[in-house]
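Please read the structure below before turning to the comments.
The values are calculated or read from the model by the stated rules, or taken from the named source; none is laboratory data. Only a predicted model underlies this, so the values are computations on that prediction, with no experimental measurement involved. Glycine also receives a Cβ, built like all others from the backbone with ideal geometry; neighbour counts cover every protein chain displayed. Calculation scope for accessible area: heavy atoms of the full protein, side chains included, ligands and nucleic acids excluded. Shrake-Rupley method; radii C 1.70, N 1.55, O 1.52, S 1.80 Å.
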Amino acid sequence: MKLCMIGTGYVGLVSGVCFSDLGNQVICVDKDLVKINKLQNGIIPIYEPGLDELVKRNIKNKRLSFSNDLKDSIKKSDIIFICVGTPTKKGGSSADLRQIYGVAKDLSKSLNKFKIIITKSTVPVTTGDEIEKILLTKNSKNKFAVVSNPEFLREGEAIRDFVYPDRIIVGSNDKKSNKILKNLYSPLIAKGAKYVNTSRRAAELIKYASNAFLATKITFINEIANLCEKTNINVDDISIGMGLDQRIGSRFLRAGPAYGGSCFPKDTKAIISTADKFKTNLSIIKSVIKSNKDRSNLLLKRIYGILNNKIKNKKISFLGVTFKANTDDMRDSSSLKMIPELSRKGAKVQYYDPTGFKEEFKNYKNVRNAKSISNCLEKSNLVIIHTEWNDFKSLDFKRLVKNKKIIIFDMRNLYSPQEMIKKNLKYFSVGRGFK
Ligand SMILES: NC(=O)c1ccc[n+]([C@@H]2O[C@H](COP(=O)([O-])OP(=O)(O)OC[C@H]3O[C@@H](n4cnc5c(N)ncnc54)[C@H](O)[C@@H]3O)[C@@H](O)[C@H]2O)c1
């Protein structure tokens, strides 16, 4: 099948490449010319394990190409996936849909024959209805079908998630489109993915409700971790004990910093904004957002406590700054709250992340990017394990930190407190007994 992915970011690039690997002819379009030039030269603009190889293979097979000519790419394709960003509106909480509607307007001018227009981007309920209205201004009803097919891949495991999804949600009542899409996804269905055909609005809401639920799970265990700290209980035991109940499940039940990333913060806010529009109070999700906001402040307070409120000139080393491991995505990472605050208080912050330098910190005083773990930890007063990269899971702190008093704040519970005490290291973690 001939596909066009509009927006070549984390979702558009990964799904476009994977669709081409399944034997489809795919054009990935982006208005960002630098990105397209890089991709045309085999340079992958994002960090995603395994993507590099897949891109090269499918360019060589001539099934995958990159373009910034939207009109031409639309004309050459039968199925159009909209994969552009839907960030939070500046100064607000609803989703900013300008990129989506901008694409819809461009599409309305380029429908030379019947096309299936699919939103893969996460969009609020009724966005599909709006796209349809825009397309109808210049086209007749039989020229297109607007379908919602939300994406559930996780950065860092995106290829696996795309190829072996738990479920594929297709929101459409159009028989012709449903048949074509079931056929497009048949290789994944054959591998065990559940295929759910539902209404367009339901598909739109399934995505938001899923993300809000996962954010709730993380926030729930983070609050339980707070209680564990006061009651001398190890939150890891609680996670195991709860997670073994199949109605609950163990995933997303690990205590740590506030949730971040490109999806949970914006999608929890957007679903509330949608509910407000429809005069519905989503009180649980509202309190999740508040609790998550409080969490970054709470962990900052713990840092101040560990350093006896003497922050000025303290060398603080961050291991990892991305919101989770195996991605270079910094969007809404909790490090974006912590590092600037520590810099303002006069700390000397150095950070090491396997995905390298981060623009986000370049204007902060006394914040520097270390080129290696050892360079980051040398002479450190406090080591903060912020992201759970494998690189940080078995470090010899005594060798790496050239300082007699080594203090570690492990926000991901990567190490055993008993082992750290045995090594004579001052060690703090999250939700594991008295501190
Ligand atoms: N990142 C994730 O893990 C993830 C997972 C599931 C769903 N989603 C959703 O998918 C959507 C895309 O997310 P992302 O992380 O890939 O975003 P992104 O910001 O990485 O990529 C979006 C791309 O769209 C391009 N773009 C914007 N307007 C365009 C236009 N008119 N024509 C061509 N290209 C245009 C941008 O230049 C950018 O490269 C969002 O709605 C997001 O919520 C993201």
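Taking the conditions exactly as written (closer than 17 Å to ARG154 by Cα and either of a type in the set (D, E, K, R) or touching a residue at least 60 places away in the same chain (Cβ under 8 Å) (or both)), does ALA215 satisfy them or not? Reasoning before the result, please.
Values: closer than 17 Å to ARG154 by Cα: yes; either of a type in the set (D, E, K, R) or touching a residue at least 60 places away in the same chain (Cβ under 8 Å) (or both): yes.
Here the answer is yes, as ALA215 does meet what is asked.
May I ask you to verify whether ASN390 is of a type in the set (S, T, N, Q) and touching a strand residue (DSSP E or B) at 6+ places or on another chain (Cβ under 8 Å)?
no
If GLU229 satisfies all but one of (1) farther than 30 Å from ASN142 by Cα; (2) crowded, with 17+ Cβ neighbours inside 10 Å; (3) of a type outside the set (Phe, Trp, Tyr); (4) within 23 Å of the chain's Cα centre (by Cα), what's the number of the condition it fails?
Checking GLU229 against (1) farther than 30 Å from ASN142 by Cα; (2) crowded, with 17+ Cβ neighbours inside 10 Å; (3) of a type outside the set (Phe, Trp, Tyr); (4) within 23 Å of the chain's Cα centre (by Cα), the one that fails is (4).
Residues are listed down the side, and each one gets a yes or a no for (1) in a loop (DSSP other than H, G, I, E, B); (2) buried (at least 17 other Cβ atoms within 10 Å of the Cβ):
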site	(1), (2)
ILE238	no, yes
GLY241	no, no
ASP245	yes, no
ALA255	yes, yes
TYR259	yes, yes
SER262	yes, yes
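Given the criterion within 16 Å of the ligand (Cβ to nearest atom), closer than 18 Å to ASP161 by Cα, assigned by TED's automatic domain parsing to the domain that holds GLU155 and touching a strand residue (DSSP E or B) at 6+ places or on another chain (Cβ under 7 Å), identify the matching residue among GLY9, GLY16, GLY50. If you could, list the steps in order and put the result at the bottom.
Working: GLY9 fails: touching a strand residue (DSSP E or B) at 6+ places or on another chain (Cβ under 7 Å); GLY50 fails: touching a strand residue (DSSP E or B) at 6+ places or on another chain (Cβ under 7 Å).
When all the criteria are applied, what remains is GLY16.
Of the numbered conditions (1) modelled with pLDDT of 95 or more; (2) closer than 18 Å to LEU3 by Cβ; (3) open to solvent by 60 Å² or more (accessible area, probe 1.4 Å), ARG160 satisfies every one except a single condition; which is it?
(2)
Please indicate, with yes or no, whether at least one residue in the stretch 90-100 is at positive phi, in the same structural domain as ILE44 (by TED's automatic domain parsing), away from the ligand (no atom under 14 Å from the Cβ) and open to solvent by 10 Å² or more (accessible area, probe 1.4 Å). Explain how you work it out, then say what you get.
We begin by selecting, within the stretch 90-100, every residue at positive phi; these are 91.
Next, from what is left, pick out any that are in the same structural domain as ILE44 (by TED's automatic domain parsing): 91.
With the extra rule that they be away from the ligand (no atom under 14 Å from the Cβ), the set shrinks to 91.
From what is left, the residues that are open to solvent by 10 Å² or more (accessible area, probe 1.4 Å) are 91.
Yes.
So if I check each of ILE168, ILE189, ILE118, which one is open to solvent by 20 Å² or more (accessible area, probe 1.4 Å), under 24 Å from TYR10 (Cα atoms) and either more than 12 Å from the ligand (Cβ to nearest atom) or touching a residue at least 24 places away in the same chain (Cβ under 8 Å) (or both)? Let's see the steps before the verdict.
Values: ILE168 fails: open to solvent by 20 Å² or more (accessible area, probe 1.4 Å); ILE118 fails: open to solvent by 20 Å² or more (accessible area, probe 1.4 Å).
That would be ILE189, the only listed residue that is open to solvent by 20 Å² or more (accessible area, probe 1.4 Å), under 24 Å from TYR10 (Cα atoms) and either more than 12 Å from the ligand (Cβ to nearest atom) or touching a residue at least 24 places away in the same chain (Cβ under 8 Å) (or both).
Can you go through ILE46, ILE59, ILE80 and tell me which one is open to solvent by less than 70 Å² (accessible area, probe 1.4 Å) and closer than 21 Å to THR327 by Cβ?
Values: ILE59 fails: closer than 21 Å to THR327 by Cβ; ILE80 fails: closer than 21 Å to THR327 by Cβ.
So the residue among ILE46, ILE59, ILE80 that is open to solvent by less than 70 Å² (accessible area, probe 1.4 Å) and closer than 21 Å to THR327 by Cβ is ILE46.
For GLU130, which of the numbered conditions (1) without any contact (Cβ under 8 Å) to a residue 40 or more places away in the chain; (2) on the phi > 0 side of the Ramachandran plot fails to hold?
Of everything listed in (1) without any contact (Cβ under 8 Å) to a residue 40 or more places away in the chain; (2) on the phi > 0 side of the Ramachandran plot, GLU130 misses just condition (2).
Looking only at the stretch 56-74, filter to residues that are away from the ligand (no atom under 15 Å from the Cβ) and outside any strand (DSSP E or B); which one of those is nearest to MET5 (Cα to Cα)? Before you say what the answer is, go through the steps one by one.
Filtering the stretch 56-74 for residues away from the ligand (no atom under 15 Å from the Cβ) gives 56-64.
Of the ones still in play, those that are also outside any strand (DSSP E or B) are 56-63.
Numbers: LYS56: 18, ARG57: 18, ASN58: 15, ILE59: 15, LYS60: 19, ASN61: 18, LYS62: 16, ARG63: 13 Å.
Per the criteria, the residue is ARG63.
Which condition from (1) farther than 30 Å from LEU342 by Cβ; (2) open to solvent by 70 Å² or more (accessible area, probe 1.4 Å); (3) of a type in the set (Asp, Glu) is the one that GLU223 breaks?
(1)
Return yes when SER287 is open to solvent by 30 Å² or more (accessible area, probe 1.4 Å) and away from the ligand (no atom under 16 Å from the Cβ) and no when it is not. Lay out the reasoning, then the answer.
Numbers: open to solvent by 30 Å² or more (accessible area, probe 1.4 Å): yes; away from the ligand (no atom under 16 Å from the Cβ): yes.
Spelling it out, SER287 is indeed open to solvent by 30 Å² or more (accessible area, probe 1.4 Å) and away from the ligand (no atom under 16 Å from the Cβ).
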